[in-house]
Amino acid sequence: MTDGDTDAPLIGFRADQLRGFRIGVTSDRRSEDLIAAFERRGADVMHAPAIRIAASDDDAQLTADTLAIIAGRPDVLLATTSYGVRRWFEAADAAGIGHELSETLAQSRILVRGPKARGAVRAAGLDDSGMSDEETTKSLVDHVLRDGASGRVVAVQLHGFTDEGQLQRLRDSGATVLTAAPYRWSLPADSSRVLRLVDAICAGSLDAVTFTSAPAVEALFAAADGAGRLDELQAAFTGTVVAAAVGHVTAAPLVAAGIDPIVPPRYRMGALIRLVCEYLEENRIIRLATKHGDIELRGRLVRVGESEATLAPLSLALFRALMNARGAVLSRAELMAAQPDMQDDHATDVAISRLRQSLPVPGIVSTVIKRGYRISV
């Protein structure tokens, strides 16, 4: 599933809805919409495209594949993405065969993977005969196989991540399969942004990371693996950092890694934005009544009455652990477990001292002699 269109304005929108929260965005295309939506709600956004959509390197190959489809006069066309359909017709027009492609496909039964692909098909002056049940390539192929594919010519507009298994299912059923690949996924030329995203996830300094394609998940995992931090990154996604996927296809590699992402019921960007807002507000704001006043920790922002402060990653990890303890004493060992970079008691004491200096009200964190630290409730 690639990036979806934004929906209508979200119910309950507030300019401070995500204030204090930090969100990672891994998408490339349409990322501006996603980033702007989170920033309008007060979030700090870290953008690190894990993959990029690029036009096919070889338009000569795309032209040859298009000519083969025109000559093959397919019985069925599987249109998988809106960008792919648009790019395909643009390339065909540039090669002087756009009219022939349109005439050929007008005689085909066109099945689309989702509403965006349907819109692109209709923008090209064509009409579709149906949409996949689950907005996946597999469900498109299921649709063809239910009607019988033996002896048919099936053209497939490939997206950036080709599912060879689905193409083989068509061939095994007796269909002749013709393909056109108008674009491809590519890794970013500069990997430094992705590596900084990996560092931020592992440090727990992000509250959520959004994914709008399965290849972006795989690319992030590969970058973390190359840096020797894959286990650490995946552990962060099962702890303090929530992974948010636009749909179940995008979520699949996360689930396979033992991560339980949040997924909206509608596979659209607007639904993803709404879900992230609701999840962070409902699950990632910690409140505690203390003798210093009511404390609220939302993301990196700590509020005590009218006073507030933004915490650095180490201080945030310690304060989050103390808040979750609800006034119970945490030993130095327990606090070290909250921040693996701390190696001994002295480092913990220094980190607690810095935390105290960062808090908007003095005296919130108290020392319990020979036992550890606690929030004074």
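The values are calculated or read from the model by the stated rules, or taken from the named source; none is laboratory data. These numbers were taken from a predicted model, which means no experiment stands behind them. Every residue, glycine among them, receives a Cβ derived from its backbone with ideal geometry; neighbour counts consider all protein chains shown. What goes into the accessible areas is simple: the full protein's heavy atoms, side chains included, and nothing from ligands, DNA or RNA. Shrake-Rupley method; radii C 1.70, N 1.55, O 1.52, S 1.80 Å.
Under a 5 Å amide H cut-off, with hydrogens placed 1.01 Å from N, GLY42 pairs with LEU18 among residues at least 5 apart or on other chains. Under Stokes-Einstein, with the Kirkwood radius over Cα pairs as Rh, the value for the stretch 105-161 at 20 °C and 1.002 mPa s is 180 µm²/s. Rounded to the nearest 10 degrees, the angle from helix 313-324 to the longest Cα principal axis of the chain is 70 degrees.
Give me the base-10 log of I(q)/I(0) for the stretch 120-269 at each q in 0.12, 0.13 Å⁻¹, Debye formula, one uniform scatterer per Cα, rounded to two decimals. For the requested q values the scattering log ratios are -0.64, -0.73. Between the Cα long axis of helix 269-283 and the first principal axis of the chain there is an angle of about 20°, rounded to the nearest 10.
At the residue level, MET336 shows approximately 40 square angstrom of accessible surface with a 1.4 angstrom probe and all protein chains present. Taking max minus min of the alpha-carbon positions on each principal axis, the stretch 227-377 gives extents of 52, 38, 22 Å, largest first. Among VAL154, VAL329, VAL25, the residue with the largest mean-square fluctuation in a Gaussian network model of the chain, with springs joining Cα atoms closer than 10 Å, is VAL329. Using the rule -39500 (n - 2.57) for each DSSP H run of four or more residues, divided by the residues of the chain, the 222 nm mean residue ellipticity is -13000 deg cm²/dmol. Taking a ≥ b ≥ c as the square roots of the eigenvalues of the Cα gyration tensor, the stretch 49-205 is classed as prolate, since a/c reaches at least 1.5 and a/b is larger than b/c. Shape class for the stretch 228-283, computed from the alpha carbon gyration tensor (a ≥ b ≥ c): oblate, with a/c not under 1.5 and a/b at or below b/c.
When the charge dipole of the stretch 83-125 is built from unit charges on Cβ atoms (+1 for Lys and Arg, -1 for Asp and Glu) and taken about the Cα centre, the candidate among GLY125, TYR83, HIS99 whose Cα reaches farthest toward its positive end is TYR83.
GNM, the chain, Cα, under 10 Å: largest mean-square fluctuation among SER315, SER82, SER150? Looking only at SER315, SER82, SER150, the biggest GNM fluctuation is shown by SER150. Only lysines eight or more places from LYS291 in sequence, or on another chain, were considered; those with a Cα closer than 27 Å are LYS370.
Would the chain count as rounded, prolate or oblate if I go by the C-alpha gyration tensor, calling it rounded below 1.5 in a/c and otherwise prolate when a/b exceeds b/c, oblate otherwise? Cα axes put the chain in the prolate bin. Listed by chain and number, the lysines whose alpha-carbon sits under 23 Å from that of LYS138, ignoring those within fewer than 8 places in the same chain, are LYS116. Comparing mean-square fluctuations of HIS248, HIS47, HIS292 from a GNM of the chain with C-alpha springs under 10 Å, the top value falls on HIS292.
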